[in-house]
1. Residues to consider are Ala79, Ala92, Ala97; find the one that is in contact with a Leu (Cβ under 6 Å, 6 or more places away or on another chain) and aliphatic (A, V, I, L, M).
2. Taking segment 123-178 as the search range and keeping residues that are polar (S, T, N, Q) and assigned to a helix (DSSP H, G or I), which one is farthest from the chain's Cα centre (by Cα)?
3. Somewhere in segment 97-118, is a residue surrounded by fewer than 22 Cβ atoms within 10 Å (Cβ to Cβ), free of Cβ contacts under 8 Å to residues at least 40 places away in the same chain and of a type in the set (Gly, Ala, Ser)?
4. Only one of (1) outside any helix (DSSP H, G or I); (2) over 12 Å from the mean Cα position of the chain (by Cα) is not met by Val100, so which one is it?
5. Give me the pairs, please: first residue somewhere in segment 152-177 and without any contact (Cβ under 8 Å) to a residue 12 or more places away in the chain, second residue anywhere and among the polar types (S, T, N, Q) and surrounded by 17 or more Cβ atoms within 10 Å (Cβ to Cβ), beta-carbon distance under 6 Å, and either six or more positions apart or on two chains.
6. Kindly indicate which of Gly233, Gly209 is touching a residue at least 40 places away in the same chain (Cβ under 8 Å) and assigned to a helix (DSSP H, G or I).
7. Of the numbered conditions (1) surrounded by 23 or more Cβ atoms within 10 Å (Cβ to Cβ); (2) closer than 14 Å to Gly36 by Cα; (3) in contact with a helix residue (DSSP H, G or I) (Cβ under 7 Å, 6 or more places away or on another chain), Val82 satisfies every one except a single condition; which is it?
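Derivation of every value follows stated rules applied to the coordinates shown; laboratory data play no part. None of the values given here were measured: they were computed from a predicted structure. Don't worry about glycine lacking a Cβ; one is built from the backbone with ideal geometry, like all the others, and counts go over all protein chains shown.
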Amino acid sequence: MLILVARRARSLRAERIIDMSTGEIIARYAAAAIVGYLVGSIPNGVLVGKLFGNRDPRAHGSGKTGTTNVLRTLGVGPAALVMVLDTTKGVAAVLLARFVLFPAQPGATATMQAWAEAIAGLAAILGHNYSIFIRFAGGRGVATGGGAILAMNPLAFVCSVFGLIVPIVVTRYVSLGSIIASATAAIVATALAVTGHEVWPHAVFMILGAAFVIVSHGDNIQRLLAGTERRLGQPST
């Protein structure tokens with residue numbers, strides 16, 4: 001009898017925990033979105049520009065704050081630093097969602113946690129492209145999205161890196177490499193999810209993230225089709 005009572009008490013406690021965690025889920029998802037956006041909004045390109053010659057990449061070349069325009073505006077060293085920092089933003093957004101904003105807890109499944117990571121990752125890309133700190137200017141989300149992919153699925157990240165490097169080496173079009181890299185990550189993640197080797201929230205993130213990155217390259221795509229896109233090594237105007 002005492003055993004049955006104890007089991008019933010544990011069951012009731014578990015139900016209460018699940019009810020509470022259900023109420024917390026929306027708040028935690030909202031927190032993941034807000035934190036992801038704020039982390040993604042850190043304008044590394046502008047900050048590095050101030051550090052190296054006080055030159056704002058928004059006033060040169062494409063006007064973007066990402067690695068490619070910093071490379072054309074400031075050189076290899078600052079561009080490498082921006083790439084690392086922007087990638088770190090994506091990693092940080094996902095890890096904050098995983099370990100701080102939506103850690104493993106009673107009543108929360110791994111899928112719920114993965115959705116929080118996906119939300120944080122997408123918000124980080126949004127923040128990078130439309131930073132609240134620089135009047136909603138920014139980059140194109142490639143490095144930040146890559147960082148989020150790295151934190152979610154290293155295999156998809158490695159495949160996307162190959163998708164980035166090969167087209168750049170062959171054509172010297174960074175924009176083409178970025179587009180192909182994003183699509184590669186989405187394809188790999190979808191294949192892994194279909195075969196049960198990846199959770200669908202991560203695959204959805206990579207699909208939506210790829211779409212977002214590709215859309216952000218709309219002007220590049222027009223120039224690629226017109227044959228006027230700048231190649232790697234060509235200076236900004």
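1. Ala79
2. Kept after step one, since they are polar (S, T, N, Q), are these residues of segment 123-178: 129, 131, 144, 153, 160, 171, 175, 178.
Filter once more, keeping what is assigned to a helix (DSSP H, G or I): 129, 144, 160, 171, 175, 178.
Working: Asn129: 11, Thr144: 4, Ser160: 13, Thr171: 25, Ser175: 17, Ser178: 13 Å.
Result: Thr171.
3. So far as segment 97-118 goes, yes, one or more of its residues are surrounded by fewer than 22 Cβ atoms within 10 Å (Cβ to Cβ), free of Cβ contacts under 8 Å to residues at least 40 places away in the same chain and of a type in the set (Gly, Ala, Ser).
4. For Val100, the failing item is (1).
5. none
6. Working: Gly233 fails: assigned to a helix (DSSP H, G or I).
When all the criteria are applied, what remains is Gly209.
7. It is condition (2) that Val82 fails.
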